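Worksheet: the structure to be examined is printed underneath.
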Amino acid sequence: MSHRVAEPGSQIWFLMIDDLDREIIKHLQTDGRMTYSQLGAEVGLSDAAARQRVNRLTNQGVIDIVAVTDPKKLGLGVQALLGIRVTDDVRKVAIDLEALSDTVYIVMTAGRFDLIVEVVCRDTDGFVELTSSIRSMPGIDTVELMPYLGITKQTYDWGVG
């Protein structure tokens, strides 16, 4: 199956992943530290073939293998979503927001907000400072704050098509 992938400023290109790639991704979503020999045994490949597949998926940007942390256990006590409306080019504002170290996720949307931004801050003072800074950025119209009171579900094993 072909998936169309486009990144801002890049040409559109087509990426091919097959059912075996999907199976590899499912296993890595469950255990990203799985060895190539374990992965190969699960999907019917040699260690080398499993490694080649994972490297190709990584190099093509289909997957990233990372350590997922609990921000609170790292001393980052405030998490929030910000709904942002802009008056300028949304892509330019998104790039400006990327430069802020406390922004961890930025999405351009076509709904009530132009951008949804997830932030993680050490404490309330840091959160107030960050949001004040964002509100005064060029191109920002309004910012709606949605601080997290708790996370009831967080998964990384969404479907792989």
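Computed from the coordinates by the stated procedures, all read-outs in this text should not be read as laboratory data. Given the structure is predicted, the values throughout are model-derived calculations rather than measurements. Cβ sites come from the backbone with ideal geometry, for glycine too, and all protein chains shown count toward neighbours.
Annotations for the structure displayed:
- Residues of region 71-101 with amide N under 15 Å of a point placed 7 Å along Cα→Cβ from Met137: 80-101
- Calculated [θ] (222 nm, deg cm²/dmol) that DSSP helices of n ≥ 4 give over the chain, each run adding -39,500 (n - 2.57): -10000 deg cm²/dmol
- Amide H contacts under 5 Å for Val104, placed H, 5+ residues apart: Glu118, Val119, Val120
- Here the 3J(HN,Hα) profile of region 59-74, calculated from phi with Karplus coefficients 6.51, -1.76 and 1.60 at θ = phi - 60°, is 4, 8, x, 6, 9, 10, 10, 9, 8, 8, 10, 9, x, 4, 6, 9 Hz, Gly and Pro shown as x.
- Karplus-based coupling profile of region 82-99, in residue order and whole Hz: 10, x, 10, 10, 10, 10, 10, 4, 4, 5, 5, 5, 4, 5, 4, 5, 4, 6, with θ = phi - 60° in 6.51 cos²θ - 1.76 cosθ + 1.60 and x standing for Gly or Pro.
- The tail of the calculated P(r) for the chain beyond 19 Å holds 65 percent of all Cα-Cα pairs.
- Gyration tensor over the Cα atoms of region 15-78: the corresponding equivalent ellipsoid has semi-axes (square roots of 5 times the eigenvalues, largest first) of 27, 14, 9 Å.
- Principal-axis tilt of helix 124-135 within the chain, Cα atoms, nearest 10 degrees: 80
- Close amide H contacts of Ile140 (hydrogens built in the peptide plane, cut-off under 5 Å, sequence separation of 5 or more or a different chain): Thr87.
- With the simple spin-label model, which puts each label point 7 Å out from Cα in the Cβ direction, the Arg22 to Asp70 separation comes to 3.4 nm.
- Charge-dipole axis of the chain as Lys and Arg at +1 and Asp and Glu at -1 on Cβ define it, positive-most pick from Val117, Gln79, Trp158: Trp158
- Taken over region 71-147, the alpha-carbon convex hull comes to 75 cubic angstrom per residue.
- Within the shell of other residues whose beta carbon sits under 15 angstrom from the beta carbon of Ser37, the net charge comes to 0, with Lys and Arg scored +1 and Asp and Glu -1.
- Model label sites at Arg33 and Tyr148, defined 7 Å from Cα along the beta-carbon direction, differ in position by 2.1 nm.
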